[in-house]
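The values are calculated or read from the model by the stated rules, or taken from the named source; none is laboratory data. No experiment lies behind these values; they were computed from the predicted model shown. Counting neighbours? That spans all protein chains shown, and the Cβs are built from the backbone with ideal geometry, glycine included. In case anyone asks, the SASA skips ligands and DNA or RNA and just uses the protein heavy atoms, side chains included. Shrake-Rupley method; radii C 1.70, N 1.55, O 1.52, S 1.80 Å.
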Amino acid sequence: MRDLKTVIAFTIKDMAKRKSFIISTLIILILIVIGFNIPNIMNAISGDNEDTGEAKILIVDSTNLFEGTLPSLNYMELGYNVQVANNEVSFEDIKSRIENKDINEAMIIEPKEDGTYKLRYIVENMTQMASVPEDLTNAINSLYTNLQISKLGLTQEQIASLSPNFEFTIEQTEEQEVSGNILVIMLLSIVLFYAIYFCAYQVSSSITTEKTSKIMETLVTSTSPRIIVLGKTIGIGIVGLIQICVIVAVALISAKAFLEPELLNAVLDMSMMTPYLAIMTIVYFILGYLAYALLYALTGSTVSKPEDIQSANTPVAILAVIGFYLSYFTMMNPTSELNQFAAIFPISSPFCMPFRIMMGIASTSEIILSIVVLVITILIIAQVAIKIYSNAILNYGTKMTFKDIVKVYRDKNN
């Protein structure tokens, strides 16, 4: 136990002092702060619109077709600051006002010879807009219809009967009900994948680096290979967990500080985040990390040069990516059999099961089965990895092939 603590402490200090670790963490934190400030940056660039956040549109109704009702568009929450002109305004005048940022867009209502009306929608550049905004056209059509209906002298009951009063609901045929913000689920899935994959990758990098610097020879003579594998895996895992906690904390603080409350509540609905979910997410992080870290310990012990790490780690990286995408894409249909399989399959369960729990569709038996399968997988990988590690760790020759690894494992068993 004392040797294990020594290796863990050594690994934590070594990781925390690495410039690459410090710089990458700082870059991630800076990008997070900048990312949550994008709305504020866009508002600062837009200048005049930073107070209201609404596009200014001028509607020219020189014939008074709408009989003074156009200002009511400002109360329909269309995202426009509507200005109305009842006199004629030339195209050149509108062009000048758009260039001076007095308005963003304009609409001119012009009568035609056949008694109909033409609505000219004017923007600064056609590439900014493919067509007239549908919400605006619907609002104007509705406004005109209501105006004409009011002239017919109908009673309030008759007017009400003309408008549909349908109540729309959506139901599913699946017995399991799914809840939760899919955006939050996917963001957390990405964070969890990053945490497991990149922290586990550091195990391979650390082992190969120490082989190159001959530190490994000192470690092997002072303690057993088993202690080295477990100590480095746990040490890097602790550093990675702290790093992820810092990243998540900065992200939450930045979101709270820089995003509008309405936007924050709409996009990042954290109502499904419970203490139970937090505990289960940490459990799956630890188990998922152990599985991939031990695989990377195996690949790291088979190479003796840092430049060979990438190629040696490729099979494990492919497994991790397959596991992530298997869970990520099955979230689109979380009640499917494929998603249930992904929540139990050991390479994908660390990314998938926490979010089945968040969506409220993971049964207790599924969770227990998933954890048991993952633990058994970890024990098998640990047994193989430690045996390969024990015989290959002092190999300073060329990178070992798969045939060499199998031979080493069989020799170790004999």
Residue-wise HN-Hα coupling along segment 310-321, computed from phi with Karplus coefficients 6.51, -1.76, 1.60 (Hz; x: Gly, Pro): 4, 5, 5, 7, 3, x, 5, 4, 5, 4, 5, 5
Net charge, Ser349 excluded, C-beta distance under 13 Å - Lys, Arg +1, Asp, Glu -1: 0
Loop trypsin sites (Lys or Arg not before Pro), segment 49-150 (other Cβ atoms within 10 Å of the site Cβ: 10 or fewer; DSSP): Lys112
For Ile247, solvent-accessible area (1.4 Å; no DNA, RNA or ligand), Å²: 20 Å²
Modelled FRET efficiency - R0 35 Å, Thr155 with Glu77, Cβ distances, 0.05 increments: 0.75
Segment 274-322: equivalent-ellipsoid semi-axes (sqrt of 5 x gyration tensor eigenvalues, Cα, Å): 29, 11, 7
Sparse-neighbour loop sites [GluC sites (Glu not before Pro); segment 1-110; at most 11 other C-beta within 10 Å; DSSP]: Glu67, Glu77, Glu88
19 Å Cα-Cα threshold exceeded, pairs from Lys13/Lys232; Lys232/Lys387; Lys56/Lys101; Lys19/Lys256: Lys19/Lys256
Alpha-carbon Debye profile of segment 1-111, log10 I(q)/I(0) at 0.15, 0.22 Å⁻¹: -0.80, -1.16
Pairwise label distance in nanometres, Thr314 with Met126, each label 7 Å out on the Cα-Cβ vector: 4.9 nm
Residues whose placed amide H lies under 5 Å from that of Lys56, excluding near-sequence neighbours: Asn81, Asn104, Glu105
Packing rank of 24-34, 3-13, where each peptide gets the mean count of other beta carbons within 10 Å, highest leading: 3-13, 24-34
Rounded to whole Hz, the Karplus (6.51, -1.76, 1.60) HN-Hα couplings of segment 225-239, x for glycine and proline: x, 4, 5, 5, 4, 5, x, 5, 5, 5, x, 5, x, 5, 4
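For a protection proxy built on the mean count of beta-carbon atoms within 10 angstrom, sort 138-150, 193-205 highest first, please.
Highest to lowest by the protection proxy: 193-205, 138-150.
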Nitroxide proxy distance, nm - points 7 Å out along Cα→Cβ at Asp93 and Leu277: 5.6 nm
